[in-house]
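In what follows, a single structure is set out as structure tokens and then discussed.
Coordinate-derived values only; no laboratory data. Predicted model, so just to flag it, every value in this text is computed and none were measured. Cβ placement follows ideal geometry from the backbone for every residue including glycine, while neighbour counts extend to all protein chains displayed.
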Amino acid sequence: MNVSISNTSEKPIYQQLFEQISAQILKGELESGYCLPPIRQAAQELRVSVITVKKAWEELERCGLINTVTGKGCFVAEFSSDEMLRIRNEMILNQMEIDISYYKSFGLTLDEVIALLKKIY
């Protein structure tokens, strides 16, 4: 697990953790059965609060990316390639809805958004 926290980011730290770990899981970098570090250990290593890590782990579990086994830890869930693709697309679509709403608030048209996306991508 490779995580980089930015204290200057507008995103909350728990969301940074969630996004980075979920991306690693969905890209196959963290395989099924991989044991995430205990919450307290992760908090200490990342120099963040236990509550922050707990919130990120809870979000990972809510999305079905990890399973918690009482007394043993949190493990990356097993997925078929179809399940992994479904979860990835669902997460991307949710984020895109937020982003599109933001762009619409500036009055951007779909063509303008696509042009900007192409420029950045």
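Data table
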item: For the chain: Kirkwood Rh in Å [reciprocal of mean 1/r, alpha carbons]; result: 16.0
item: Simple spin-label estimate for Asp82 and Ile120 in nanometres, 7 Å along Cα-Cβ; result: 3.3
item: Stokes-Einstein D for segment 47-86, Kirkwood Rh over Cα pairs, 20 °C, 1.002 mPa s (µm²/s); result: 191
item: For the chain, calculated [θ]222 nm from helices alone, where every DSSP H run of n ≥ 4 adds -39500 (n - 2.57); result: -19000 deg cm²/dmol
